[in-house]
Structures are given as structure tokens and as C-alpha cells.
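> For reference, the structure I am asking about is given below.
The values are calculated or read from the model by the stated rules, or taken from the named source; none is laboratory data. Note that the coordinates shown come from a computational prediction; the quantities given were computed from them, not determined experimentally. Note that we place each Cβ from the backbone using ideal geometry, even for glycine, and neighbour counts take in every protein chain shown.
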Amino acid sequence: MALFIAVFVLLFLAVIQAAVPYFVKRTVVFGVSIPEQSVRDDRVRSYKKQYLAWASTVSFLMILIFCIWVAVKKPSDELIILISTAIEFGIIFVSLALYYYFREKMKQYKSGLQWTNELKQVAVADLSVRSEDYLPPWYIYLFPMIITVGLIGYTVYQYDLLPDQIPTHWGPSGEPDAFTEKTPFTAVQMLLILLLLQLMFLGIQLGVKYSGIKLSAANLGASKNRQLTLRKSTSWFTFYTVLLITMMFSFLQLTTIHPELFNDSLLKILLPFGTFILILAGTVYLFVKVGRSDKSSSELEEEKEIMDVNDDRYWKAGLFYFNKNDPSIFVEKRFGVGWTINFANPIGYIILFAPIILIFLLTFLLN
């Protein structure tokens, strides 16, 4: 089971990382903005293909070596998970190295052609687009939060039923393999972490809702479709993830209080693994849906003499957005699908890092 999970995750990560240039906004290539008119440029398309070939080849070679090593050495499940985690970081490192290599080539190519001098840079706004922005309401997050608070109350009520050693980690078999001594705090520690995660995801949802909708002057239709699809899809995916995580944490908490309910049950394996698979499936759906949203032929009605305002200077290393003049908390990523924070807006730090710091305190320091 450990090997199957490890290889499955590695293959998923390798495919996603290799295909990223084809999912990002069409006018951004390796973190460099290009005119709408140059999207089909032969050199641009060649760089994408080279990245895909190199990223997939190196990643799959690493996975193949890993599988051969497991077959020959027959290591323990714990060592398989440890080494596969290291390979995951290796795949990400390779992708980033290739990203920066082709980013430099794109910057040189863009500078040589002087696109910004030949086309008029135009910023555009559509005040009516908000009426088409159908995001889930914030209060639906109260549903999983109420479940979590209810479970905290139920755990306190059933405190005497809890074992002397509270599980803190579960292995691939669904059985706990790490424990901590029972105290009033450790009894509900996992649920408090869950509540903080729910609050963080709610904060992200609100941050996305009140962030700006950025449209392309050169292709208003395609950019509008992508922005609306991105906002709607990522918002619902966030809530979908919260529901799945809440379901899994609730199951683990109930099995701790009432171990006889699911003793020798396949649910101990199927529910955590099923949750994991459903999140990965949702990720694939999100990538494909958003990635295709600005590439439909019906939307490609580009203006020939203009381009979007060049905002490359606000993107440090092509990944980190710093713009104190932009009130948006979150902006669309330049490499990947989803959102990154505006690092010049302190509210983004609070939404993301305050819950993470509190989770760290709950997990390590208060024990």
C-alpha cells in the first residue's frame, strides 16, 4: 500500500509539474508577460515543449530509479514514504530549475523583439463583470465549523472514554502509529487544528472575493472567461477540500472515542485514502477547467495594435507579487493554477500565516 500511494503521488506530481506551462494564463510564459499577438509564436511554443520534455523525462527517471530501489532493497513502509517525500521535493526542484532557465530565455527573447515598444500598453476595467462573479457565500463555511465545534463538545463530554494515549498520526494501514499522553488539551488538539484550517480557508475565500478582476485589453473575452472561471472554480474547490478534510478529521476523532465502531473495518483505510484521491481528482479538474478557460477558439478575438500594461516589475523572480498600489489581497499565479498573495498587502500575511503559526503552536509548543 505504501509503495502504491508513493508512486501514485509521484506520478501525479510529475505530470502536473511538467504540464504547468499549458495551464497558466496564455499571455504569461515562464513568469514573463507577452502580447496576445505572440501567444502562438514558434519560439514561445518551442520553449514550452522543451520544458515539458525535460521535466517529464527527469521526473519519470527519478520515479523509475525509486521503483527499482524498492524492488531490490524491499525497505520498510516508513522508509518508502520518507524517500518518496524526498523525491517529491526533487521533482519540484527540477521544475523550478527548468522554470528559471526558460524564464531567462523568455526575458532575453522578449527584450530582443521589443514588444513593449511596438504596441500601445492599455489597462482596461469592466464595472459590470462583478455581476457575473458567482462565488459561494461565506456562510456555507459555518456548516463544517459547526460540526467541528460540536465534536469538540462531544469529546469533552466523552472524555472518560478516551484512551490514555491519544493518537496523533495514522499510517498507510489506517492504524495509529504515534501517540501523546491524554490531557484535556490533547483530547481536542486535532479538532482545534481543524477549526484553524477552516478559518484560514474562509479567509482565503473572502480575500479572493474582494480582490480585483484583472482583464486583458487585447483579448477581453478570453481574459474575462478565465478570471470568472478561476474565481468560481477555486472558491468551490476550497470549500470542497474543507468538507473532505472535516469528514476525515471527524472520522479519526470518532474512532479515537469509540474504537469499537470501526474495529477491523475497511473504512480505516478507505476513508483517508479516498479523501486523498478525491482531493487529487479535484485538483486535476481544477487545472483542466481553468487552464482551458482562456484557450477556447470562440473567445480568441484579439486586438492587433495594443497589449496589456507590462507589470513584470511587480513579480519578483516571476513568482512573488509585490505591488503596494494594488489593493488586491490575492492575485492569479504566474506559474501554476490558483492564487498567490500580494506580498505588499499585510492582510494576506494575516490570512495565511496567522493560522499556520497557531497550528504550529498547538502542535509542538503547547505539548
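> If I go through the range 8-41 residue by residue, how many of them are modelled with pLDDT of 90 or more and surrounded by fewer than 17 Cβ atoms within 10 Å (Cβ to Cβ)?
5
> For the range 177-191, give me each residue that is crowded, with 17+ Cβ neighbours inside 10 Å and touching a residue at least 40 places away in the same chain (Cβ under 8 Å). Please lay out each step first, then the result.
The first filter runs over the range 177-191 and keeps only residues crowded, with 17+ Cβ neighbours inside 10 Å, leaving 186-191.
Matches in the range 177-191: Thr186, Gln189, Met190, Leu191.
> Continuing with the same structure: Within the range 10-40, which residues are over 14 Å from Tyr109 (Cβ atoms) and touching a Leu at 6+ places or on another chain (Cβ under 8 Å)?
Scanning the range 10-40 gives Phe12, Ala18, Ala19, Pro21, Tyr22, Gln37.
> For the range 275-367, which strands (runs of 3 or more DSSP E) that fit wholly inside it have 2 or more residues that are in contact with a Leu (Cβ under 9 Å, 6 or more places away or on another chain) and either closer than 14 Å to Thr234 by Cβ or modelled with pLDDT of 90 or more (or both)?
On the way: elements: 306-308, 330-332, 339-341.
Hits in the range 275-367: 339-341.
> So Asn323 ticks every box in (1) more than 21 Å from Leu206 (Cβ to Cβ); (2) in contact with a Phe, Trp or Tyr (Cβ under 7 Å, 6 or more places away or on another chain) but one. Which box is left unticked?
It is condition (1) that Asn323 fails.
> Contact list please: Cβ distance under 8 Å, first residue in the range 238-251 and closer than 18 Å to Ala281 by Cα and in the same structural domain as Gly338 (by TED's automatic domain parsing), second residue crowded, with 17+ Cβ neighbours inside 10 Å and of a type in the set (Phe, Trp, Tyr), pairs at least six apart or on different chains.
Sorted first by the residue in the range 238-251, then by its partner, the pairs are Thr238/Phe201; Phe239/Tyr141; Phe239/Phe201; Thr241/Phe201; Val242/Tyr141; Val242/Phe201.
> Now for a separate question. Six or more apart or on different chains, Cβ atoms under 6 Å: show the pairs whose first residue is in the range 347-358 and under 13 Å from Gly207 (Cβ atoms) and whose second is small (Gly, Ala, Ser).
Ile351/Gly203; Ile351/Gly207
> Of all the residues that make up the range 305-345, how many are polar (S, T, N, Q) and surrounded by fewer than 16 Cβ atoms within 10 Å (Cβ to Cβ)?
Quick first cut of the range 305-345, residues polar (S, T, N, Q) only: 310, 323, 325, 328, 340, 342, 345.
From what is left, the residues that are surrounded by fewer than 16 Cβ atoms within 10 Å (Cβ to Cβ) are 325.
Qualifying residue count for the region: 1.
> In this structure, does Gly203 turn out to be on the phi > 0 side of the Ramachandran plot and either hydrophobic (A, V, I, L, M, F, W, C) or crowded, with 19+ Cβ neighbours inside 10 Å (or both)? Lay out the reasoning, then the answer.
Working: on the phi > 0 side of the Ramachandran plot: no; either hydrophobic (A, V, I, L, M, F, W, C) or crowded, with 19+ Cβ neighbours inside 10 Å (or both): yes.
Against the criterion (on the phi > 0 side of the Ramachandran plot and either hydrophobic (A, V, I, L, M, F, W, C) or crowded, with 19+ Cβ neighbours inside 10 Å (or both)), Gly203 does not qualify.
> Additional query: Can you confirm whether Phe66 is in contact with a helix residue (DSSP H, G or I) (Cβ under 7 Å, 6 or more places away or on another chain), farther than 19 Å from Tyr22 by Cα and not in a loop (DSSP other than H, G, I, E, B)?
On the way: in contact with a helix residue (DSSP H, G or I) (Cβ under 7 Å, 6 or more places away or on another chain): yes; farther than 19 Å from Tyr22 by Cα: yes; not in a loop (DSSP other than H, G, I, E, B): yes.
Yes, satisfied.
> Considering (1) touching a residue at least 12 places away in the same chain (Cβ under 8 Å); (2) not in a helix (DSSP H, G or I), say which one Gln50 fails and leave the rest.
(2)
> If you don't mind, there's one more thing I want to ask. Identify the residue in the range 231-279 that is of a type in the set (Gly, Ala, Ser) and surrounded by fewer than 16 Cβ atoms within 10 Å (Cβ to Cβ) and, among all such residues, is nearest to Leu192 (Cα to Cα). Can you show your working first?
Within the range 231-279, the subset of a type in the set (Gly, Ala, Ser) is 233, 235, 250, 265, 274.
Going one step further and asking which of them are surrounded by fewer than 16 Cβ atoms within 10 Å (Cβ to Cβ), we end up with 265, 274.
Numbers: Ser265: 27, Gly274: 23 Å.
Here the answer is Gly274.
> Within the range 206-227, take every residue that is of a type in the set (A, V, I, L, M, F, W, C) and closer than 24 Å to Lys289 by Cβ and give me the one that is surrounded by the most Cβ atoms within 10 Å (Cβ to Cβ).
At the first step, the residues of the range 206-227 found to be of a type in the set (A, V, I, L, M, F, W, C) are 206, 208, 213, 215, 217-218, 220, 222.
If we keep only those that are closer than 24 Å to Lys289 by Cβ as well, we get 206, 208, 213, 215, 218, 220, 222.
On the way: Leu206: 17, Val208: 21, Ile213: 18, Leu215: 20, Ala218: 24, Leu220: 17, Ala222: 26.
Across the range 206-227, the extreme among qualifying residues is Ala222.
> State yes or no: is Pro136 at pLDDT below 95, closer than 21 Å to Val242 by Cβ and surrounded by 12 or more Cβ atoms within 10 Å (Cβ to Cβ)?
Values: at pLDDT below 95: yes; closer than 21 Å to Val242 by Cβ: yes; surrounded by 12 or more Cβ atoms within 10 Å (Cβ to Cβ): yes.
Judged against the criteria, Pro136 is a match.
> Any residue at all in the range 23-38 that's of a type in the set (Val, Ile, Thr), assigned to a helix (DSSP H, G or I) and not assigned by TED's automatic domain parsing to the domain that holds Gly174? Let's see the steps before the verdict.
As a first pass, look at the range 23-38 and keep what is of a type in the set (Val, Ile, Thr): 24, 27-29, 32, 34.
Now drop any that are not assigned to a helix (DSSP H, G or I), which leaves none.
The answer is no; no qualifying residue exists.
> Out of the range 68-89, which residues are surrounded by fewer than 16 Cβ atoms within 10 Å (Cβ to Cβ), among the small types (Gly, Ala, Ser) and closer than 30 Å to Lys48 by Cα?
Hit for the range 68-89 is Ala86, nothing else.
> Residue pairs, Cβ under 9 Å, 6 or more apart or interchain, first in the range 62-86 and basic (Lys, Arg), second in a helix (DSSP H, G or I). List them.
Sorted first by the residue in the range 62-86, then by its partner, the pairs are Lys73/Leu79.
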